[in-house]
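In what follows, a structure is listed as structure tokens, so that the remarks can point back to it.
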Amino acid sequence: MEPLPFVASSRLVDHHCHGVLGTDLDREGFEAALTEASAVSPLGTSLFDSSLGLAVRRRCAPLLDLDPMAPADEYVARRRSLGAAEVNRVFLAAAGIEVFLVDGGLWPEGLTAPSAHVGARELGVLRLEGLAEEVAPGGAAGFPARVREALASTTAVAAKSIAAYRVGLDLAPGRPSDASVVAAVDRWLGGGSPRCADEVVSRFLVWEALERGLPVQFHVGYGDADLALHRCDPLLLTDLLRATAPLGVPVLLLHNYPYHRHAGYLAQVFPHVFADVGLATHAVAHQAGRVLAEALEVVPFGKFLFSTDAYALAELYYLGALFFRRALSEFLVGGMGEDAFGEADAERIAHLIGWENAHRVYQLE
Amino acid sequence: MEPLPFVASSRLVDHHCHGVLGTDLDREGFEAALTEASAVSPLGTSLFDSSLGLAVRRRCAPLLDLDPMAPADEYVARRRSLGAAEVNRVFLAAAGIEVFLVDGGLWPEGLTAPSAHVGARELGVLRLEGLAEEVAPGGAAGFPARVREALASTTAVAAKSIAAYRVGLDLAPGRPSDASVVAAVDRWLGGGSPRCADEVVSRFLVWEALERGLPVQFHVGYGDADLALHRCDPLLLTDLLRATAPLGVPVLLLHNYPYHRHAGYLAQVFPHVFADVGLATHAVAHQAGRVLAEALEVVPFGKFLFSTDAYALAELYYLGALFFRRALSEFLVGGMGEDAFGEADAERIAHLIGWENAHRVYQLE
Amino acid sequence: MEPLPFVASSRLVDHHCHGVLGTDLDREGFEAALTEASAVSPLGTSLFDSSLGLAVRRRCAPLLDLDPMAPADEYVARRRSLGAAEVNRVFLAAAGIEVFLVDGGLWPEGLTAPSAHVGARELGVLRLEGLAEEVAPGGAAGFPARVREALASTTAVAAKSIAAYRVGLDLAPGRPSDASVVAAVDRWLGGGSPRCADEVVSRFLVWEALERGLPVQFHVGYGDADLALHRCDPLLLTDLLRATAPLGVPVLLLHNYPYHRHAGYLAQVFPHVFADVGLATHAVAHQAGRVLAEALEVVPFGKFLFSTDAYALAELYYLGALFFRRALSEFLVGGMGEDAFGEADAERIAHLIGWENAHRVYQLE
């Protein structure tokens, strides 16, 4: 549905996104960026035959002065003729996001900062496994100290764990001793891979960040073919969440689809846990209303945030914000229609989710 | 939606609830009772910023002669000025429940029987782990006999297992031998904790109750931060359900959210299994229609029941019944709108779920 | 909702169904065929008290010249008086399915081919565990060769694995060596059961079929009380799907309820994976719109198919097709109402799902 006026104009913090591609794409490259698959399948059809692909043609085409539902080839051609800089400016401006928290961990050549294209505040998120991979080559013995040093001097407002991708979310609850971390890094370096994929190390990083007061974001649920989705159910974090609750430092469960109800439950019962449905919002596109409503069933409205998880395509910042505003409006209009609350409370809920919760969690301003 | 007339006036058995608090609450105490968290988080906002909190202000305030959506402080103040006895009378009367099956197992000082506040029939549910904790101190050797004695003389119409909270629902299927139970109780007593948290003991209790013809209710799914939700998926009971089916004694899966579809499946394929969505009904409040509809997808209507799982706050009996009636009406109006069935069948479905199934399961009257 | 005209008349390939009963049924037999339970429970009520039962009375009765919502006894009596041949002809004609892919593996006496009752094309699906059970008695040593021979000479257009029923879906990824298969068959034959329930054998069968270019259908999710539903989550196949992706041969995830979102994710991220919601479509009947919409959230429309999974009752082919058409129409009307796409794209989506994807996957024509 069309966004409610006060939702259309609401201020937004995108508390988790990535960089935007500064270079042009051909059709294959563009389609590949529309899916979590590693490539477009010859057995399927075009990725434009998906909710997200249709949304690009319907919602993005008019911003490039094309007709709504312009054919895919025409869309990609127009995009190239305008050039990446202009395309990025158009969609990031249209997204209407005022603050970006940008994950610095996945940054192939060609990515640029979202704020480089539009007047917006940008803050950093430190990828924990990336930090580990940076300091590990210095040797296992000094690993814990080097991690602490880096965390002590970071300007990032949050850390992010991709344990989901590396070892799954079934992390043990306890804080690992330095000795066990050194032993783990030793094994890792002995294995010859530069990739941090060790449960003890991932857990150590999370504890270190939280103990330094740095909120920790976890990749949860939906992602690309590299992960095993059933090992990314946020409920697998239950013991760790129980163990870290006394620290009183926020833990943010990102994406969560299709486990978004599980995340809502955790955000209700653990005082320091928060959730969002980023990535899913633009992936399911016009169906985001149902997914958001499910996510909001049991979570207190003070514990839910907005994010796009946009990566590479400027369209995704725009569509993430657009479908969030539409989905939230659907939730609020539904609630008002049921006479569950009035407009004052609807406005308050929108402001909490889009703006205020992120400010409280990350101590912005 | 507003309840259909025949649903608004339908007779209800609440086949699983708890006691209601006989004393007054301040705002913090009231908020704490609105959530499954152990306390209100300083990192979130008020629990009134939740679907349930809004429902209290919208639906309960007018029954205390306040405006709909009265501010939270005003609501709590009014509640205190009226006093718990009057508040309990008002909401229990408005709930319109005729029969309460009350879990006697969680009964801190200050709780009172729901039927003490309103003319209603009340029947007992025996908490199995509570029984075990009562008779275990008498020694391991006589434990099985003492359990049997207690079950033989109980006036309860059902037993309840909280294995979900103590050991998770991944129970082995077989009936444990007395010797294995004695050994388990021996270990338990040797461990020094008064708390029954042993898989063999929980399983023994379930088998004993069923063999005596006592229907067994299981806590499933949604609950407080004490449990690990992914170990409370009702599907983990599959082997035990298959093993106990030949006894022909009902097993009731309680709450089930967010695994309510799983529970519906079990209730379809196992002859003795029944399900509900208590607790979730008031927790998700105006969104209960979707949750109930999902729960009713594959379950035969002769296998689904109504419960509130209300605890402590009189508001929860009222809201549990209210949102059940609204959600059921939404399901029925939707079905009639789709021309899936007419009013006669809609009335029959409502009567089965609200009244008749409970009478058949618990042999009431 | 009433189907859109272009969906009502759309051509359909039912890419997974079973045989239809050629003999008459009494009420008990008819009810038993309406549920995945092994029998009608004396503790519940009639199976006509279910979404599917109501759909039979509402949608099927008029095709037998009864009033909509005719009582169950009247329906069963009318069915008997017409005779199975006429009943089968009526419902299979009304289903409007042009191509049936029929699983030949579950074929008790009395079953007949769907195409025997109506002008339709019929193609075979080879049940892999059935094949194993046929050739195993010849001895373990020659088992791999006999399986290869059978697969090389089959006229089936696909194979089907019921590993879900026999060992669960948590299959190891690797291609088993012939030696390990021979050892496994040796153990199996030594055990004395004719039933193939060995992980190595099931996995071998899948690899053999795929390497011969035969698409493999997997039973996933919802089924009868024989299975353990939580061991039928399609995500358990993740490692095997990753390992088989390079073969480029389609893998079809059947049914999937209540894990249909999981299946959609797999179909998005793995190039050779496809999904459907057969069986659930008629089981949830008038509620199929929600289930289908959830299934279509992240799956590309080139990766989703239609099936009924109908078995025994001719009504189920008809209801499977009817509720698919209604549910798909609901999805498309909803999308057009949200202005997510127009009629041209809606028609294209319907054609992909109902017809074109099956043709590409199974290389029909």
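The values are calculated or read from the model by the stated rules, or taken from the named source; none is laboratory data. Because the structure is predicted, anything quoted here is derived from the model rather than measured. Quick reminder, even Gly has a Cβ in these numbers, built from the backbone with ideal geometry, and neighbours come from all protein chains shown.
Structure summary
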item	result
Candidates A:LEU352, A:LEU364, A:LEU332, filtered to the one that is aliphatic (A, V, I, L, M) and facing another protein chain (nearest Cβ under 7 Å)	A:LEU352
Considering residues of segment B:281-296 that are at the interface with another protein chain (Cβ under 8 Å from one of its Cβ atoms) and not β-branched (Val, Ile, Thr) only, the residue surrounded by the fewest Cβ atoms within 10 Å (Cβ to Cβ)	B:ARG290
Residues (within 22 Å of A:SER50 (Cα to Cα), touching a residue at least 40 places away in the same chain (Cβ under 8 Å) and of a type in the set (Gly, Ala, Ser)) located in segment C:220-263	C:ALA263
Verdict on C:GLY29 being in a helix (DSSP H, G or I) and within 14 Å of chain B (Cβ to nearest Cβ)	no
Test for B:GLY221: is it surrounded by fewer than 24 Cβ atoms within 10 Å (Cβ to Cβ) and on the phi > 0 side of the Ramachandran plot	no
Within segment A:237-267, tally of residues that are touching a Pro at 6+ places or on another chain (Cβ under 8 Å) and more than 13 Å from chain B (Cβ to nearest Cβ)	1
Segment B:268-301: number of residues that are β-branched (Val, Ile, Thr) and more than 29 Å from B:SER50 (Cβ to Cβ)	3
Pairs where the first residue, in segment B:310-321, is at positive phi and the second is of a type outside the set (A, V, I, L, M), C-beta under 8 Å, 6+ apart	B:ALA312/B:HIS18; B:ALA312/B:GLY19
Options C:ALA340, C:ALA344, C:ALA314; residue that is farther than 24 Å from A:ALA225 by Cβ and touching a strand residue (DSSP E or B) at 6+ places or on another chain (Cβ under 7 Å)	C:ALA314
Residue within segment C:67-84 that is farther than 19 Å from C:ASP224 by Cβ, in contact with a Ser or Thr (Cβ under 8 Å, 6 or more places away or on another chain), more than 14 Å from every other protein chain (Cβ to nearest Cβ) and hydrophobic (A, V, I, L, M, F, W, C) present	yes
Set B:LEU43, B:LEU54: member being under 18 Å from B:GLY320 (Cβ atoms) and among the aliphatic types (A, V, I, L, M)	B:LEU54
Selection from segment C:77-122 of residues that are touching an Asp or Glu at 6+ places or on another chain (Cβ under 7 Å) and more than 30 Å from C:ARG360 (Cβ to Cβ)	C:ARG80, C:GLY83, C:ALA84
Members of segment A:36-52 found to be out of contact with any Ser or Thr (no Cβ under 7 Å at 6 or more places or on another chain), without any contact (Cβ under 8 Å) to a residue 40 or more places away in the chain and within 26 Å of A:MET1 (Cβ to Cβ), listed by number	A:PHE48, A:ASP49, A:SER50
Matching entry among B:PHE218, B:PHE270, B:PHE274, B:PHE301 (being within 30 Å of B:ALA152 (Cβ to Cβ) and facing another protein chain (nearest Cβ under 7 Å))	B:PHE270
Failed criterion for A:GLY44 (all others in (1) modelled with pLDDT under 95; (2) closer than 19 Å to C:MET336 by Cβ hold)	(2)
Check on C:PHE324, of a type in the set (Phe, Trp, Tyr) and within 9 Å of chain A (Cβ to nearest Cβ)	no
Some residue of segment A:9-28 being among the aliphatic types (A, V, I, L, M), at pLDDT 95 or above, out of contact with any strand residue (DSSP E or B) (no Cβ under 7 Å at 6 or more places or on another chain) and surrounded by 15 or more Cβ atoms within 10 Å (Cβ to Cβ)	yes
C:VAL76 being in the same structural domain as C:GLY354 (by TED's automatic domain parsing) and either part of a loop (DSSP other than H, G, I, E, B) or on the phi < 0 side of the Ramachandran plot (or both)	no
Subset tally (residues that are touching a residue at least 60 places away in the same chain (Cβ under 8 Å) and surrounded by fewer than 22 Cβ atoms within 10 Å (Cβ to Cβ)) for segment C:60-81	1
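Yes/no matrix, rows are residues, columns are (1) in contact with a helix residue (DSSP H, G or I) (Cβ under 8 Å, 6 or more places away or on another chain); (2) modelled with pLDDT under 95; (3) farther than 15 Å from B:TYR311 by Cα:
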position	(1), (2), (3)
B:GLY96	yes, no, yes
B:ASP103	no, no, no
B:PRO108	no, yes, no
B:HIS117	yes, yes, no
B:ARG121	yes, no, yes
B:ALA132	yes, no, yes
B:VAL135	yes, no, yes
